[in-house]
Structures are given as structure tokens and as C-alpha cells.
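Trainee: First the structure, which I've put down as C-alpha cells, then a few questions once you've had a look.
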Amino acid sequence: MNKPTLAERRKELIERCAEQRTGLAYELQALRPAAVLDHPLAGYVVGHKKLVLGALGAGLGLTLLRRKRVLALAGSVMPVWRMAQRGLALLAQFRR
């Protein structure tokens, strides 16, 4: 059996390292949250974890309260929400 020369062995190792680096870069790209969750909503959730978890906790707390309170709160929040949406739309028109 022929032993490879040092230069041949070195060349082989360099090629193998290049293949491994390429494979590792591909695998790391696949593990990134933006690549895994390519949906805009999922990207927002990943970027704003504290806000989303806080909103979910508040929603869970409200559902654990009595239904009357939740419905009353929802009834009082909806007009405020609509007014805020109209105000934001008006501001957007003024910016144009």
C-alpha cells in the first residue's frame, strides 16, 4: 500500500474541512428562528417574546375571572379600541 505524501494528506484534509464548514453553515442556518418560522406572525412572536407572553398571561387571567366581568371589560374596551384605530388612521393620513 502506498502511503500518501504529506502534501496529498494536507490537500485531502483541507478539502474535508471545507465540506464540513459548508455543512455546518447550512445546519446553523436551518436552526435560526427566522428560518424555522418564516411566517410574519411567528417572526413577531420570536422578536417580542415578553410582550406576547404578557398578553397571553393577561388573557388567561381574564378568562379565569367570571364571564360577566370579561364580557363587561370587552364591551368597554371595544369602543376605545375603535377610537384608537380611527385616530391612528387619521394620523397616517396627515403624515402623507
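Trainee: Let's test the formula: R0 of 41 Å, r as the Cβ-Cβ distance of Arg16 and Val46. What FRET efficiency results, to the nearest 0.05?
Mentor: 0.70
Trainee: Mind putting a number on the dipole of the chain about its Cα centre? Charges go on the C-beta only, +1 for Lys and Arg and -1 for Asp and Glu, and I need it in Debye to the nearest 20.
Mentor: 700 debye
Trainee: Of all accessible surface on region 6-96 at a 1.4 Å probe, what whole percent is carbon and sulfur?
Mentor: 66 percent
Trainee: While we're on this one: Accessible area per residue for the chain in Å², computed with a 1.4 Å probe and the full protein assembly in place, what is it?
Mentor: Result: 98 Å² per residue.
Trainee: Give me the number: length gained by fully extending Ala89 to Arg9, i.e. 0.36 nm times residue separation minus the C-alpha to C-alpha distance, one decimal in nm.
Mentor: Fully extending the segment from Ala89 to Arg9 adds 22.0 nm.
Trainee: Same structure, new question: Would you mind computing, in nm to one decimal, how far apart the modelled labels at Leu56 and Ala30 are, each placed 7 Å from Cα along Cα→Cβ?
Mentor: Calculated label separation equals 2.6 nm.
Trainee: Of [x] 9.4; [y] 6.4; [z] 14.0, which is the value of mean projected area of the Cα convex hull in nm² derived from the coordinates here?
Mentor: Evaluating mean projected area of the Cα convex hull in nm² on these atoms matches [z].
Trainee: I would also like to ask the following. Sum up the charges of everything whose Cβ sits under 13 Å from the Cβ of Gly75, counting Lys and Arg as +1 and Asp and Glu as -1, but leave Gly75 out.
Mentor: Charge balance in the 13 Å sphere: +4.
The values are calculated or read from the model by the stated rules, or taken from the named source; none is laboratory data. Please read all numbers here as calculations on a predicted model, not as lab measurements. Methodologically, a virtual Cβ is constructed for each residue, glycine included, from the backbone with ideal geometry; neighbour enumeration extends over all protein chains shown. Ligands, DNA and RNA are stripped out before the accessible areas are found, and what is left, the full protein with its side chains, is counted by its heavy atoms. Shrake-Rupley method; radii C 1.70, N 1.55, O 1.52, S 1.80 Å.
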